[in-house]
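The values are calculated or read from the model by the stated rules, or taken from the named source; none is laboratory data. Values in this document were obtained by computation on a predicted structure and should not be read as measured data. Cβ coordinates were reconstructed from backbone atoms using ideal geometry, including for glycine residues, and neighbour counts include every protein chain displayed.
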Amino acid sequence: MPLSWNEIKTRAAAFTKDWEGTQREEADAKSFLDAFFHVFDVSPSSGGGARLADLYDLNTMPPTLVKAHQQLDKAVDLCYRSQPFANETKRIEFLFELYDKYTSGMFVGERKTKQK
């Protein structure tokens, strides 16, 4: 049974607290990934011990990780609107536009570009 959004939030908060300030992710890569996957109830063994990059290959991504991503996409969509975005491209465009809006002018020497 998939985790509820509240359970994912609880696990994510615990994960964040546990790993806050950690500067040795590379040294602790296995335990870090185990803890990260636990947030979404994904067994690290479902990735066959693969590297993180391998787990994000669309041809070999474990089904539980695909499902976790779908749930996360739905949760992100609902943060901004009552209906899901039409597709991944629309979601990304919206999020980057929002990022641009809120970070505009934060960086020294940043030049505004005209939108086409």
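Quick notes on this one:
- Across the range 56-99, the number of residues qualifying as assigned to a helix (DSSP H, G or I) and either within 13 Å of the chain's Cα centre (by Cα) or modelled with pLDDT of 85 or more (or both) comes to 28.
- Residue, modelled with the highest pLDDT, within the range 20-40, restricted to residues that are touching an Asp or Glu at 6+ places or on another chain (Cβ under 8 Å) and surrounded by 14 or more Cβ atoms within 10 Å (Cβ to Cβ): Ala35
- Any pair with Cβ under 6 angstrom, 6 or more apart, that starts in the range 79-100 at a residue that is within 18 Å of His69 (Cβ to Cβ) and ends at one that is among the hydrophobic types (A, V, I, L, M, F, W, C): Arg91/Phe85
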